[in-house]
Amino acid sequence: MTAITTAPRALPAPVAIPVREWLPWALFVGFVMLSALYLVGLDQGATSLFGGHVVHEWVHDARHLLGFPCH
């Protein structure tokens with residue numbers, strides 16, 4: 001029986017992405033995530049940006065899923 005072998009291929013060199021290209025996107029994603037965390041977890045009571053309980057009712061199940069107590 002003959003064994004068929006292949007020579008291992010060299011991996012391509014990694015491409016360096018400059019920080020100035022990905023840093024604005026990382027900051028934007030971080031801002032969006034912190035805003036979502038605020039709306040889900042902290043928007044009620046004294047720190048509320050919106051009047052009433054509209055935001056609280058819209059994200060009520062997400063609050064429980066993330067472990068925030070609300071009642």
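Descriptive notes on the structure:
- Residue that is surrounded by the fewest Cβ atoms within 10 Å (Cβ to Cβ) [pool: residues in the range 34-71 that are modelled with pLDDT under 75 and in contact with an Asp or Glu (Cβ under 9 Å, 6 or more places away or on another chain)]: Leu49
- Taking residues in the range 17-36 that are over 30 Å from Val59 (Cα atoms), and partners anywhere that are of a type in the set (Phe, Trp, Tyr) and at pLDDT below 95, not one pair has Cβ atoms closer than 7 Å while being at least 6 places apart or on different chains.
The values are calculated or read from the model by the stated rules, or taken from the named source; none is laboratory data. In this text the structure is predicted, and so the values were computed from the model without any measurement. Cβ atoms come from the backbone with ideal geometry, glycine included; neighbour counts cover every protein chain shown.
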